[in-house]
Amino acid sequence: MTRTIPPLAGALLCLATLAGNATAQAQDKLKVAIGQINNWENQAPTLGQDVGLFKKHNLVLENFGTAGAGETMQPIISASADIGAGVGVAGVMRAFARGAPVRILAPMFTGTGDIYWYVRADSPIKSLKDTTDRHTIAYSTSGSTSNNIVLAFVNDLGVKAKPTATGGPPATLTAVMSGQVDIGWAAPPFGLQEEKDGKIRIIARGSDAASLHNQTIRVLIVNADVLKSRKDAVVRFVRAYRETVDWMYASPDAVRLYAEKTKISPDLIRESIAKYHTIEAMQTDAIKDIEGINRDAVKLKYIDKPLTREQLAELIQIPPR
């Protein structure tokens with residue numbers, strides 16, 4: 001015996017089905033603060049969004065740039081953004097130790113060889129050993145990776161130049177070329193053309209700070225309440241992020257799109273990636289040398305005492321693959 005569904009009931013059932021499908025297909029929105037947004041190593045949220053890899057995971061991102069460190073963490077702490085990218089680990093540990101609702105979601109960069117320090121071509125400074133307390137050495141903002149490395153230069157190498165916050169690479173280059181700062185900082189490929197043109201000389205790399213070798217130095221962070229209330233969307237973000245990083249190193253389209261965005265030569269970008277931004281450094285699975293990070297965060301006065309094992313377990317919330 002065949003049951004006949006009344007027309008009104010059938011229409012209501014059809015509408016309910018359509019509504020259910022629309023809900024299932026609705027994209028979750030995440031607001032992402034990105035320190036030094038134009039750097040290659042911070043491109044996964046922007047390039048992945050552009051080519052639809054986050055959309056594939058039912059996500060749409062609202063990406064915006066910051067000068068890094070505290071400027072990236074503050075919107076996460078205040079919950080005006082959901083996820084922060086390119087944040088120095090020591091700065092995150094300091095904020096967490098002070099009770100800020102931040103959690104580490106994934107590593108972004110391991111090692112310190114991707115950042116370099118330079119002088120004007122006519123500068124008498126040939127190496128960091130030539131600096132005195134009359135010189136200045138740049139970093140982006142307090143608590144940033146570049147700040148952490150400069151402090152390590154002072155502690156490990158006895159560098160005497162005064163650490164000075166200068167913001168991002170473009171502003172720093174202006175400050176160096178105009179004589180406001182003696183030693184600037186940058187992340188490739190920014191500045192490499194100026195080096196080839198003989199306008200600047202690179203005198204140091206982050207890897208010169210031996211204590212930071214092989215440590216994860218920049219991470220993705222998430223607001224703790226967002227992680228708790230929107231965990232499914234956050235986990236999908238990490239999946240899409242990992243997929244995007246893999247794509248960035250497998251597809252020539254990544255370099256092409258990045259070159260179009262930054263107006264930098266594709267050949268220079270490929271050279272920069274090979275020398276400064278290896279795929280191994282961009283691993284996203286584990287915080288490397290957490291014991292050393294904890295030790296150095298105390299030594300460099302980011303935190304008063306090492307975080308306990310329990311605190312680290314609460315702070316580091318990396319979804320497994």
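Here, each number is a calculation from the coordinates, and none is a lab measurement. Worth saying up front: this structure is predicted, and the values here are computed from it rather than measured. Please note: Cβ atoms are built from the backbone with ideal geometry, for glycine as well, and neighbour counts cover all protein chains shown.
By how many degrees, between 0 and 90 and to the nearest 10, does the Cα long axis of helix 7-25 differ from the longest principal axis of the chain? Tilt relative to the chain: about 10 degrees. Hydrodynamic analysis of the chain uses the Kirkwood radius over alpha carbon pairs. Inserted into Stokes-Einstein at 10 °C and 1.306 mPa s, it gives a translational diffusion coefficient of 76 µm²/s. For I316, the amide hydrogen comes within under 5 Å of the amide hydrogens of I104, counting only partners 5 or more places away or on other chains and with H modelled in the peptide plane. Shown here are the Rg and Dmax of the Cα trace of region 157-237, at 18.2, 52 Å. Ellipticity at 222 nm from helices only: DSSP H runs of n ≥ 4 in the chain, each -39500 (n - 2.57), divided by the residue count, give -12500 deg cm²/dmol.
Comparing M108, M282, M73 in a Gaussian network model of the chain where C-alpha atoms under 10 Å apart are linked, the largest mean-square fluctuation is found at M282. Here the contact order of region 117-196, divided by its residue count and restricted to Cα pairs under 8 Å and six or more residues apart, works out to 38 percent. Please give the helix 266-276 orientation as an angle from the longest Cα principal axis of the chain, in degrees from 0 to 90, rounded to the nearest 10. Between helix and principal axis, roughly 70 degrees. Checked against a 27 Å cut-off, the cross-linked pairs K228/K288; K196/K261; K199/K263; K126/K305; K55/K288 give Cα-Cα distances beyond that limit for K126/K305; K55/K288. In the chain, a dipole from Cβ-located charges (positive for Lys and Arg, negative for Asp and Glu) runs towards its positive end, and of L315, Y241, I115 it is L315 whose Cα lies farthest in that direction. Evaluating 6.51 cos²θ - 1.76 cosθ + 1.60 at θ = phi - 60° for every residue in region 304-321, the Karplus couplings come out as 6, 8, x, 5, 6, 4, 5, 5, 5, 5, 6, 5, 9, 10, 8, x, x, 5 Hz, glycine and proline recorded as x. For region 188-321, the relative contact order is 33 percent, taking Cα pairs closer than 8 Å that sit 6 or more residues apart in sequence and dividing their mean separation by the residue count.
When only alpha carbons are used to place a centre, region 122-161 and region 255-321 end up 21 Å from one another. Available extension along the chain between E271 and A26 is 84.2 nm, counting 0.36 nm per residue and deducting the alpha carbon span. Close amide H contacts of A165 (hydrogens built in the peptide plane, cut-off under 5 Å, sequence separation of 5 or more or a different chain): Y139. So what J values fall out for region 66-77 if you push phi through Karplus, 6.51 cos²θ - 1.76 cosθ + 1.60 with θ = phi - 60°, rounded to Hz, Gly and Pro as x? Result, rounded to whole Hz: 9, 7, x, 6, x, 5, 8, 6, 4, x, 6, 4. Taking every alpha-carbon pair under 8 Å whose residues sit at least 6 apart, the chain reaches a relative contact order of 25 percent.
Here the chain is treated with +1 on each Lys and Arg Cβ and -1 on each Asp and Glu Cβ, and its dipole about the Cα centre works out to around 440 debye.
Within the shell of other residues whose beta carbon sits under 11 angstrom from the beta carbon of I303, the net charge comes to +4, with Lys and Arg scored +1 and Asp and Glu -1. Approximating the spin labels as points 7 Å out from Cα along Cα→Cβ, the D156-to-D253 distance works out to 3.9 nm.
Against the chain, whose longest principal axis comes from its Cα atoms, helix 231-250 is set at around 60 degrees.
Extending 7 Å from Cα along the Cβ direction at T278 and again at K199 yields two label points whose distance is 3.1 nm. The residues neighbouring A106, those whose beta-carbon lies less than 11 Å from its own, together hold a net charge of +4 under the Lys/Arg +1, Asp/Glu -1 convention. Phi-derived couplings, Karplus 6.51 cos²θ - 1.76 cosθ + 1.60 at θ = phi - 60°, listed residue by residue for region 106-119: 5, x, 10, 8, 10, x, 10, x, 7, 10, 10, 10, 9, 10 Hz, with x used for Gly and Pro.
Near R205, once Lys and Arg are set to +1 and Asp and Glu to -1 for all other residues with Cβ below 12 Å from its Cβ, the sum equals -1. Across all Cα atoms of region 197-317, the radius of gyration (one decimal) and Dmax (whole number) stand at 18.1, 52 Å.
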